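*Asks:* Mind looking over this structure? Questions follow.
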Amino acid sequence: MGNSGRVWVIIGAIMILIGIVFAGLTSYFLENKIDQLVATCEKEGGKAIVDRGGFIVTTSFEYECKK
């Protein structure tokens, strides 16, 4: 592998690392949003129902506040 091959491997590794960091940050902010929604619902006297799905990159949720 020549020097140009190593450069492309390094660029690919950096892109993978950036993707993992963004996936982690997205998951973190999504969890915070869910916690805020649940706290708001309970503060208003309701019961929050959260259905989480997916794994890291494909994280999704369904939220319902029953009063």
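The values are calculated or read from the model by the stated rules, or taken from the named source; none is laboratory data. Predicted model, so just to flag it, every value in this text is computed and none were measured. Every residue, glycine as well, gets a Cβ built from its backbone with ideal geometry; the counts of neighbours run over all protein chains shown. Side chains included, ligands, DNA and RNA excluded: accessible areas come from the protein's heavy atoms. Shrake-Rupley method; radii C 1.70, N 1.55, O 1.52, S 1.80 Å.
*Asks:* Output the residues belonging to the stretch 12-64 that are at pLDDT 90 or above and among the hydroxyl-bearing types (Ser, Thr, Tyr).
*Replies:* 40 - this is the single residue of the stretch 12-64 that is at pLDDT 90 or above and among the hydroxyl-bearing types (Ser, Thr, Tyr).
*Asks:* Under 7 Å by Cβ, and 6 or more places apart or on different chains, what pairs join a residue from the stretch 42-67 that is under 21 Å from residue 19 (Cβ atoms) with one that is of a type in the set (Gly, Ala, Ser) and surrounded by 12 or more Cβ atoms within 10 Å (Cβ to Cβ)?
*Replies:* 56/23; 56/27; 57/23; 59/27
One line per residue, one yes/no per condition, for (1) open to solvent by 100 Å² or more (accessible area, probe 1.4 Å); (2) part of a helix (DSSP H, G or I):
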| position | (1), (2) |
| --- | --- |
| 5 | no, yes |
| 9 | no, yes |
| 16 | yes, yes |
| 23 | no, yes |
| 31 | no, yes |
| 42 | yes, yes |
| 45 | no, no |
| 49 | no, no |
| 63 | no, no |
